[in-house]
1. Which residues' amide hydrogens lie under 5 Å from the amide hydrogen of S195, considering only partners 5 or more residues apart or on another chain, with H built in the peptide plane?
2. Alpha carbon centre of segment 215-268 versus segment 13-49: separation in Å?
3. Please list, in order along segment 75-81, the HN-Hα scalar couplings obtained from phi with the Karplus expression 6.51 cos²θ - 1.76 cosθ + 1.60 (θ = phi - 60°), rounded to whole Hz, x for Gly and Pro.
4. Long-range amide H contacts for K248: which residues qualify at under 5 Å (H placed 1.01 Å from N, peptide plane, sequence gap of 5 or more or a different chain)?
5. In whole percent, what relative contact order does segment 94-146 give with Cα contacts below 8 Å and a gap of six or more residues?
6. Length gain on complete extension for the stretch T261 to Q215, per 0.36 nm per residue less the alpha carbon to alpha carbon distance?
7. What does the C-alpha gyration tensor say about the overall shape of segment 108-229? Classify as rounded when a/c is under 1.5, otherwise prolate if a/b is larger than b/c, or oblate.
8. To the nearest 10 degrees, how steep is helix 223-235 against the longest Cα principal axis of the chain, on a 0 to 90 scale?
Amino acid sequence: MAALTLTLRNAPARSIDLSPLTPQRLTGLDKSAIGALHIRGGLRVADVFDIDAGDAQHLVIRNSCDRLTHIGAAMRSGTITVEGDCGAYAGLGLNGGHLNVSGNAGSFAGSGMKAGLIQIHGNAGEFAGGALAGDRQGMRGGILAIHGDAGDRTGERMRRGLLLVGGNAGAYCGANMLAGTLFVAGKVGMMPGFSLKRGTLLLACVPDNLPVTFQDSGEHSLLFLTLLERQLQRDHPSFARFLPFSQKVRRYCGDLAWGGTGEILIFS
């Protein structure tokens, strides 16, 4: 059965919150019922989109732009495919299913996600996988894969899960991380791992500088990297962009100012 498709007619003058449009909320609704749904800002779905009825477990948003925010927020099942860019808060609190963005995403992509998979094939803004202002934890599970670059404070206060960045990441990457694994294939900005409490920041390139509160613990061959690489190869063929991992890494323990139970691993 063909996917349910919403085609944006024109870029809206203001941001539109699409959090009401998730597969679990659209399943069982016919075309007229979907068109009558209210989205934030006093608009109905039919005011903004052309609707092609189909299987609501696969929602396609065509002609998307950065004015469409909260796409896939709190979704629990199914698939949302975004053809184009999307705005801030993509996959906010996602708890299952698959959000696939062909273009770029705004700030706070994957913030608070607990399970499922988000793939962003372009770049992501600041705080990808990070915490909202006032929240104690950012990403709490699942996989967030950014094929391009990520902005500042990627993975800030990340609690659990796997965050992959295929390009470069900005300043304070992995700051205040609580646990989980964050991999960056390109370069990172200033102060990677600042105030890292636990978890692993895995870097393919040597950063220009590390916080002085990280201690060099020598070169290692770690089994978990081999297992992680095999899992990604087996379960997610589209993750070839991030592989292979180096079999040897240099380990820096820290942040010693916060107990030193985290680590930065740099490919040798």
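1. N176
2. Computed from Cα coordinates, the inter-centre distance equals 42 Å.
3. Result, rounded to whole Hz: 5, 10, 7, x, 9, 10, 10.
4. The answer is S268.
5. That works out to 38 percent.
6. Once the chain is fully extended between T261 and Q215, it gains 15.4 nm.
7. Rounded shape, in that the Cα axes give a/c under 1.5.
8. 20 degrees
No lab work stands behind these numbers, since they all come straight from the coordinates. Remember, it's a predicted structure, so these values are computed and weren't measured experimentally. Using ideal geometry, Cβ is built from the backbone for each residue, glycine included, and neighbour counts are taken over all protein chains shown.
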